[in-house]
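What follows is a short report on a single structure.
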Amino acid sequence: MSADIPADALVAPYDALLVDLDGVVFAGGKPIPGAAETLATARAAEISVCFVTNNASRTPAQVAEHLQEMGAAATPDEVLTAAHAGVAVMSQSIPVPGPVLVVGADGLMQAASDAGYHVVETASENPVAVIQGFGRDVGWRHLAEAAFAIQQGAAFFATNVDTTLPQERGFAPGNGALVGAVEVATGVTPMSAGKPAPDMFHMAQKILGATRPLAIGDRLDTDIRGARAAGIDSLHVLTGVSDAIAVAHAPVEDRPTYIASDMTALMRPYPAIFTEETVTKAGAARAEVTADVLHIRGEGIDAIRAGCVATWDVTDADGTQTVDTSALSGLG
Ligand SMILES: [Mg+2]
């Protein structure tokens, strides 16, 4: 461990970071302050980095280029996309060269052909499998060819099943929504490799040769659920999709190991969070649930941490019990 990182820093026990992209390192076309600098500090301390993304439309080279534009050092071999994970899962049951029908963008086409598959575009070319990933130009004709091929007996794979894709103007349909159209038409559910399946985290850990990696994400039902499924500790950052109230209401399988405002928390100590009697303490912050209402004393991220843990303590394991967590609004 380098002298650059304090021994009591959150990141100190870990030897690798498995980092989500959108909502963690950048938000759409803008860098998230502190993310690139934090990654650079981690690298200088010989903590390895793999970018693990459910986005299957860009090639690793395109992703690395975008990261460089955002000020973060990255090479294509440090990028693991759901396209690669999807093709890896497909290769366990579909021998090369296929043929396979690819529905999606460049990233998936390239991943399939790099793996040795003969890529076709229509059901009449008798594909033995369909693999579907997000692409902005995917339309009805592509979905129809996928449905025809699956009805002819082709196996069905998806890179990921995120239902939404966050855009500046709101939430647009994600790959899961487009896969859903084919699924409804055929009655066949695809096998998916993207988060929250643990495959990508296991692949990244193997690529890096890491013994104790930490996953970092902004979305509970993909990043954090996937990390937990893979048996890996996780840091949830509040710079993306899931806010503090979503964290407080998360079911057990979506609860992160750590909660932070952003990635810079990696270089600082994480407070011990514990509940005495009915009061949860995090640093100077205190939180307590009485009569199903969360009360918080304190400010900032420690107040959020205490509020989330206090809510988890009193909530059903499936997260369905109702606690009024409006005290969390405006704390971040
Ligand atoms: Mg994200």
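Of a type in the set (S, T, N, Q), touching an Asp or Glu at 6+ places or on another chain (Cβ under 9 Å), part of a loop (DSSP other than H, G, I, E, B) and away from the ligand (no atom under 16 Å from the Cβ) - does that describe any residue in the stretch 57-66? So that I can check it myself, show each step before the final result.
Applying the first criterion (of a type in the set (S, T, N, Q)) to the stretch 57-66 yields 57, 59, 62.
Pick out the ones that are also touching an Asp or Glu at 6+ places or on another chain (Cβ under 9 Å) and you get 57, 59, 62.
Subset that is part of a loop (DSSP other than H, G, I, E, B): 57, 59.
Next, from what is left, pick out any that are away from the ligand (no atom under 16 Å from the Cβ): 59.
Yes, the stretch 57-66 contains at least one residue that is of a type in the set (S, T, N, Q), touching an Asp or Glu at 6+ places or on another chain (Cβ under 9 Å), part of a loop (DSSP other than H, G, I, E, B) and away from the ligand (no atom under 16 Å from the Cβ).
Only one of (1) modelled with pLDDT of 95 or more; (2) out of contact with any Asp or Glu (no Cβ under 8 Å at 6 or more places or on another chain); (3) among the polar types (S, T, N, Q); (4) surrounded by fewer than 24 Cβ atoms within 10 Å (Cβ to Cβ) fails for Q132. Which number is that?
(4)
Starting from residues that are among the β-branched types (V, I, T) and under 27 Å from the mean Cα position of the chain (by Cα), keep the ones in the stretch 291-313 and report whichever is surrounded by the fewest Cβ atoms within 10 Å (Cβ to Cβ).
Residues of the stretch 291-313 among the β-branched types (V, I, T): 293, 296, 301, 304, 309, 311.
Going one step further and asking which of them are under 27 Å from the mean Cα position of the chain (by Cα), we end up with 301, 304, 309, 311.
Numbers: I301: 22, I304: 28, V309: 20, T311: 25.
The residue in question is V309.
Anything in the stretch 214-270 that is small (G, A, S), surrounded by fewer than 20 Cβ atoms within 10 Å (Cβ to Cβ) and either under 25 Å from Q321 (Cβ atoms) or at pLDDT below 95 (or both)? List them, or say none.
Listed by number, the residues that qualify are A229, A246.
What strands (runs of 3 or more DSSP E), lying completely within the stretch 205-315, carry at least 1 residues that are in contact with a His (Cβ under 6 Å, 6 or more places away or on another chain) and more than 16 Å from the ligand (Cβ to nearest atom)? Break it down into steps so the answer makes sense when it comes.
Numbers: elements: 213-217, 233-237, 258-260, 273-276, 279-282, 285-290, 293-297.
Of the strands (runs of 3 or more DSSP E) lying wholly inside the stretch 205-315, those with at least 1 residues that are in contact with a His (Cβ under 6 Å, 6 or more places away or on another chain) and more than 16 Å from the ligand (Cβ to nearest atom) span 285-290.
Can you tell me which residue is surrounded by the fewest Cβ atoms within 10 Å (Cβ to Cβ) among those in the stretch 28-38 that are farther than 9 Å from T264 by Cα and of a type in the set (A, V, I, L, M, F, W, C)?
Filtering the stretch 28-38 for residues that are farther than 9 Å from T264 by Cα and of a type in the set (A, V, I, L, M, F, W, C), the one surrounded by the fewest Cβ atoms within 10 Å (Cβ to Cβ) comes out as A36.
So which residues in the stretch 268-297 are within 25 Å of V11 (Cα to Cα) and without any contact (Cβ under 8 Å) to a residue 24 or more places away in the chain, if there are any at all?
Residues of the stretch 268-297 that are within 25 Å of V11 (Cα to Cα), as a first pass: 268-275, 280-286.
Once the filter is applied, which keeps residues that are within 25 Å of V11 (Cα to Cα) and without any contact (Cβ under 8 Å) to a residue 24 or more places away in the chain, the stretch 268-297 yields A272, F274, G283, A284, A285, R286.
The values are calculated or read from the model by the stated rules, or taken from the named source; none is laboratory data. Just so it is clear, the structure is predicted and the values come from calculations on it, not from any experiment. Reconstructed Cβ throughout: ideal geometry from the backbone, glycine too, with neighbour counts over all protein chains shown.
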